[in-house]
Amino acid sequence: MTPSPAILRDILSILDKAAPFSLAESWDNVGLIIGNPDQEISGILLGLDPTTDLLQEAIETNTNLIITHHPAIFHPLKSIRTDQPVGRFLADALKKDIAVVACHTNLDVIQNGVSRVLAEKIGLIGLAPIAESHTELSGIGFGRIGSLKNPEDSDVFLARLCDILQLPSLRICGPIPEKVSRVAVCGGSGSELAESALAQQAQIYITGEVKHSTARWAEESGLCVIDAGHFATENLAVEAFAAVLREMLTAQDVDIAVRTTNSQNNPFIYYLKP
């Protein structure tokens, strides 16, 4: 059987099955951001952020569909300044006829979404959402909480976490338990779920971009909260989602290359005092 040409409309339909756009929060902006649903797609490139480097990588690899977790247009735009990064990205994507799609909170809340990928990499089992999404569907929600199959000394767990997230250090607030067995995670910025994690008996809560007020609360409440950064806690999901997309495209006899970016790294560097 001759593989079908890849049409953007059909790829959007596949994405909607993998991570339904209807599951996104009302304040979010997901789905087709730039492009024509009827255009033929030559290749797909996935990345966490809609950066100009990612766009250049798409151009160099003859790829005309970019899928990012964070939307290229999030807040309403009053102007498109092409001397600024967002405007330059939008203008160059339009000039090069590169379609751009976002899978943001819809990818966060699905059963095999961002936080589940992180939780499984850490080795948690018996997973459940920390908080339900607006849909209140079973298994759909933000963050994941679960248990290690075998409790670990905290030093062993924290060192292993650094290796998994490819980080040289971790920012930690609150008391570190001697033994770790029950852990909650939320990829990205998840300060608001810390109280729910503690209420569900988490000993450690791992997320990114922890607020100062949450750190002080953790000290007083006895929960160990780890701020591992937005990129490190979400980027693991990019390749996982690419694998799902490849499988679904193959099942539909759509022959198209699906790649993950080589140009996008953690925007933070870590200075370690000599």
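Sequence-distant or interchain residues sharing an amide H contact under 5 Å with Ala131, placed H: which?
Result for Ala131 returns Phe142.
With springs connecting C-alpha atoms under 10 Å apart, model the chain as a Gaussian network and identify which of Ile80, Ile125, Ile34 has the largest mean-square fluctuation.
Ile80
Of the candidates Gly47, Gly229, Gly174, which one comes out as most mobile in a Gaussian network treatment of the chain with C-alpha springs shorter than 10 Å?
Gly174
Hydropathy first: keep DSSP H helices in the chain averaging at least 1.0 on Kyte-Doolittle, then drop any whose Cα extent along the axis falls short of 18 Å, and list what survives. Write out the running numbers ahead of the final one.
Working: long enough: 236-251 (24 Å, 1.33).
Span-like helices here: 236-251.
Roughly how far apart, in whole Å, are the Cα centres of segment 16-44 and segment 54-106?
If you average the Cα positions of each part, the centres end up 13 Å apart.
How would you rank 20-26, 138-144, highest first, on the average number of other Cβ atoms within 10 Å across their residues?
Listed from highest to lowest mean packing, they are 138-144, 20-26.
How much FRET efficiency would the formula 1/(1 + (r/R0)^6) give for Leu272 and Glu220, where r is the Cβ-Cβ distance and R0 is 35 Å, rounded to 0.05?
0.75
Note down the relative contact order for the chain as a percent, whole number, built from C-alpha pairs under 8 angstrom at least six residues apart.
Here the relative contact order equals 20 percent.
Among DSSP beta bridges whose residues both lie in the chain, state the antiparallel percentage, nearest 5. Don't skip to the end; give the middle numbers.
Details: 18 of 38 bridges.
Around 45 percent of the beta bridges assigned by DSSP in the chain are antiparallel ones.
Using 29 Å as the Cα-Cα cut-off, could you pick out the over-long pairs in Lys179/Lys211; Lys121/Lys179; Lys78/Lys121; Lys17/Lys78?
Lys78/Lys121; Lys17/Lys78
Evaluate the charge dipole of the chain about its Cα centre and quote only its size in Debye, nearest 20, assuming +1 on the Cβ of each Lys and Arg and -1 on the Cβ of each Asp and Glu. Don't skip to the end; give the middle numbers.
Values: 20 positive and 33 negative charges, 64 e Å.
The calculated dipole for the chain is roughly 300 debye.
Would you give the gap between the C-alpha center of segment 165-202 and the C-alpha center of segment 134-164, rounded to a whole Å?
So the two Cα centres are separated by 8 Å.
Report the gain in length on full extension from Gln201 to Ile73: 0.36 nm times residue separation, minus Cα-Cα distance, nm rounded to one decimal.
Extra length from Gln201 to Ile73 when fully extended: 42.4 nm.
Considering only Gln166, Gln39, Gln201, give the residue with the highest GNM mean-square fluctuation for the chain, with springs between Cα atoms whenever their separation is below 10 Å.
Gln166
Distance in nm between label sites at Ala257 and Ala159, each 7 Å beyond Cα in the beta-carbon direction?
Placing both labels 7 Å along Cα→Cβ, they lie 4.1 nm apart.
Sorting check: for 208-214, 238-244, 179-185, which peptide has the highest mean count of neighbouring beta carbons within 10 Å, and how do the rest follow? Walk me through the numbers before you get to the answer.
Numbers: 208-214: 16.1, 238-244: 18.3, 179-185: 22.0.
Highest to lowest by the protection proxy: 179-185, 238-244, 208-214.
Grab the beta carbon distance between Glu136 and Glu239, set R0 = 22 Å, and tell me the FRET efficiency rounded to 0.05.
FRET efficiency, Glu136 to Glu239: 0.15.
Which of the three applies to segment 111-233, rounded, prolate or oblate, going by the alpha-carbon gyration tensor with a ≥ b ≥ c and a/c under 1.5 meaning rounded?
Since a/c stays below 1.5, the shape of segment 111-233 is classed as rounded.
Read-outs: derived from the displayed coordinates by stated rules, not from any lab. Treat the numbers as computed from the prediction; the structure is a model and nothing was measured. Here the Cβ is made from the backbone with ideal geometry for all residues, glycine too, and neighbour counts use every protein chain on show.
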